[in-house]
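Quick note: the coordinates plus some simple rules give every number you see, no bench work behind them. Computed from a predicted structure; not experimentally measured. Cβ placement follows ideal geometry from the backbone for every residue including glycine, while neighbour counts extend to all protein chains displayed.
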Amino acid sequence: MIFQTPTELVSYFVIGLFSYLVGSISFAILASKFRGLRDPRSYGSNNPGATNVLRTGDKIAAISTLLGDILKGYVVIFSIYFLVTNEILSLDLIYSLSIGSLSVFLGHLYPIFFKFKGGKGVATAFGVILGIDHLLGICSLLVWIAVFVFCRVSALSAVITALIIPFLSLVIIRDVWGVEADILIIVQFFISILLIFRHKQNILSLLNS
């Protein structure tokens, strides 16, 4: 069983809530305010992400957004690793990582601090993947770069990478934890589906071009 005691149930809930709240921090909006720019949800693709912020020409704001969105995914996973492996929390690591991964990603997509209007989740998903396994993160990044070099379209690179990540997870995560990690692989698959769904307008535009 996942939850053996009420204390564990509460602990998993706290992990999920903490991860969601961290994910809800929109660095695109914060960086734009700090740099005196318009709300990124009001121009371009209306997406609070690094690519849209870059449309303003402010590279510092765009880089800050990118790094912030990556770090919030990575920090959540790193924190869970630290708390569980050091026995500060007596919880199952794989279930903790699964809950944290999905919660921080959903927080980015539907941030409670910004009327549930978030970004597409590419950078945060990368931070999560990198935190779970560095090799998985590096392989995913290489896939994105390879596709981008070929097509020069960020959205298409993200979609193709999202399609490949579940298979990379199946090989790499299984190799580390075995079949016990299947729930974590399923979560990565679900995150990939959400990523593709969030890029539906980009996909339609590419098909119609």
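Arranged from fewest to most other beta-carbon atoms within 10 Å of their beta carbon, ILE63, ILE132 become ILE63, ILE132.
Projecting the Cα positions of PHE114, VAL159, TYR81 onto the charge dipole of the range 6-208 (unit charges on Cβ atoms of Lys, Arg, Asp and Glu, taken about the Cα centre) puts PHE114 furthest along the positive direction. Along the axis of the charge dipole computed for the chain (Cβ charges of +1 for Lys and Arg, -1 for Asp and Glu, origin at the Cα centre), the listed residues GLY137, PHE126, VAL149 are led at the positive end by VAL149. Residue exposure proxy: HIS134, HIS199, ordered by other Cβ atoms within 10 angstrom of their Cβ from fewest to most, comes out as HIS134, HIS199.
Counting Lys and Arg as +1 and Asp and Glu as -1 over every other residue whose Cβ lies under 11 Å from the Cβ of GLY49, the net charge comes to +3. When peptides 101-111, 86-96 are sorted by average Cβ neighbour count within 10 Å, with the highest value leading, the order is 101-111, 86-96.
Of VAL14, VAL153, the sequence from fewest to most neighbouring Cβ atoms within 10 angstrom is VAL14, VAL153.
Summary of packing: across the peptides 171-184, 15-28, the per-residue average of other C-beta atoms within 10 Å ranks them, highest first, as 15-28, 171-184. Around the Cα centre of the range 86-209, unit charges on the Cβ atoms of Lys, Arg, Asp and Glu (plus for the first two, minus for the last two) sum to a dipole of about 800 debye. In order along the range 64-77, the Karplus-derived 3J(HN,Hα) couplings, from 6.51 cos²θ - 1.76 cosθ + 1.60 at θ = phi - 60°, round to 4, 5, 4, 5, x, 5, 5, 5, 5, x, 5, 4, 4, 5 Hz, and Gly and Pro are given as x. When both the range 94-148 and the range 39-81 are represented by their alpha-carbon centers, they are found 12 Å apart.
Projecting the Cα atoms of PHE197, ILE185, GLY57 onto the dipole axis of the chain, where Lys and Arg carry +1 and Asp and Glu carry -1 at the beta carbon, places GLY57 farthest toward the positive end.
Remark on LEU89: its backbone amide H falls under 5 Å from those of VAL84, a criterion applied only to residues 5 or more positions apart or on other chains, H modelled at 1.01 Å from N.
Note: relative contact order over the range 6-208, using C-alpha pairs below 8 Å and six or more positions apart, is 21 percent.
Converting phi to 3J(HN,Hα) with the Karplus coefficients 6.51, -1.76 and 1.60 and the offset θ = phi - 60°, the range 41-53 yields 7, 10, 8, x, 7, 6, 9, x, x, 4, 4, 6, 4 Hz in sequence order, with x at every glycine or proline.
Approximating the spin labels as points 7 Å out from Cα along Cα→Cβ, the TYR110-to-PHE78 distance works out to 2.9 nm. Charge dipole (Cα centre; +1 on Lys/Arg Cβ, -1 on Asp/Glu Cβ; no other charges) of the chain amounts to roughly 1220 debye. Per-residue 3J(HN,Hα) values for the range 118-135, derived from phi via the Karplus relation 6.51 cos²θ - 1.76 cosθ + 1.60 with θ = phi - 60°, read x, x, 8, x, 4, 5, 5, 4, 5, x, 5, 4, 5, x, 5, 7, 4, 5 Hz in sequence order (x marks Gly and Pro). On a 0 to 90° scale, report how tilted helix 182-198 is relative to the longest principal axis of the chain, with both axes built from alpha carbons and the result rounded to the nearest 10. Helix 182-198 and the main axis of the chain meet at about 20 degrees. Rounded to the nearest 500, the 222 nm mean residue ellipticity of the chain from helices alone is -24000 deg cm²/dmol, with -39,500 (n - 2.57) taken per DSSP H run of at least 4 residues. Placing one equal scatterer on every Cα of the chain and applying the Debye formula, the log10 ratio I(q)/I(0) at q = 0.12, 0.16 Å⁻¹ is -0.61, -1.04.
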